[in-house]
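The structure appears right after this line, and notes come after that.
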Amino acid sequence: MFSIFKRNSTEQLPSLHCDIHSHLLAGIDDGAKNWDDALAIILELKKCGITKLITTPHIMSDVYRNTPEIIHENLRMLKELLAEQKIEIEIEAAAEYYLDEHLYRQVLDKQRLLTFGNNYLLFETNFLSEPYFLKDFIFHASTQGYQLVLAHPERYGYMTLSKAEDLKNRGVLLQLNTISLNAFYSRPIQKMAQQLIDKEWINFLGSDCHNMLQAAELAKTMKQKYYQKALALPLLNRTL
Ligand SMILES: [Fe+2]
């Protein structure tokens, strides 16, 4: 029978085998600084039982002007390095889109955006206030067939359980950052993460790993009770 709990060799802890959110393409966002850094982080994630990475560089019009071409070229380089170093891991790339008026305009103009799996589009918003066009963006992107995945809902200052429920009702899937459960960011973020798990509203877990510190934090978080509780949810990571 299919088992959701496969044991990894190093930690002997249950793990999700596919990670859908990370910043591992060297030098194109605030994640891995160079290729050595990227390989070291990937080895650390492998120790956490991850066998497939869908890495998601930032696309943010004012700061990280990454394009599908830049991302795919960097993915090609990373795959070559992994092969050279004989590091076995499956790796794909999509993006973490920052929701600003530029992205909203791209959707209205029907420009093709980077997705993964079942046309999942990972996006984030600013951390302080809900964008005034969030609901219009959701409507138009969904109409075009994208399955929206909101990155780390627990981290937004404006997020409440009723807002999260409203997003779910609009068809938005929610991706929790696993390390939020270990209070990596703050206690209030940890609390919101726990509440979202209690409500069973989380569809994906992601490491959102940018560096070695966060990779090490992921290993620690895997020992948390709430991580085990999250693994009992019907997470879509398992379908990828
Ligand atoms: Fe991220």
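Give the cross-link partners of LYS229 among the aspartates and glutamates, using a straight C-alpha distance below 12 Å as the criterion and excluding same-chain residues fewer than 8 apart.
Once the sequence-local aspartates and glutamates are set aside, what remains near LYS229 is ASP198, GLU200.
By per-residue mean of other Cβ atoms within 10 Å, what is the highest-first order of 47-59, 133-145, 215-227?
47-59, 215-227, 133-145
How are the C-alpha pair distances of the range 1-130 spread across 10 Å bins, as whole percents from the shortest bin up?
Spelled out bin by bin, the range 1-130 gives 12, 39, 31, 15, 3 percent.
Rg(Cα) of the range 112-215 divided by 2.2 N^0.38 Å?
So the Cα radius of gyration is 1.05 times the expected 2.2 N^0.38 Å.
Listing VAL149, VAL107 from the residue with the fewest other Cβ atoms within 10 Å to the one with the most, what is the order?
VAL107, VAL149
Residues with beta-carbon under 10 Å from that of ILE28, excluding ILE28: net charge, scoring Lys, Arg +1 and Asp, Glu -1?
Charge balance near ILE28 sits at -2.
To the nearest 20 Debye, how big is the dipole of the chain about its Cα centre, given +1 on the beta carbon of each Lys and Arg and -1 on that of each Asp and Glu?
Dipole of the chain, to the nearest 20 debye: 860 debye.
Pairs LYS52/LYS223; LYS47/LYS225; LYS191/LYS220; LYS86/LYS110; LYS163/LYS225: which exceed 29 Å Cα-Cα?
LYS86/LYS110
Could you list the trypsin sites (Lys or Arg not before Pro) in the range 82-120 that lie in coil according to DSSP, counting only those with at most 12 other Cβ atoms within 10 Å of their Cβ?
LYS86, LYS110, ARG112
Can you give the log10 of the normalised intensity I(q)/I(0) at q = 0.13 Å⁻¹, computed with Debye over equal Cα scatterers of the chain?
-0.76
Here, each number is a calculation from the coordinates, and none is a lab measurement. None of the values given here were measured: they were computed from a predicted structure. Heads up, the Cβs are rebuilt from the backbone with ideal geometry, glycines too, and the neighbour counts pull from every protein chain shown.
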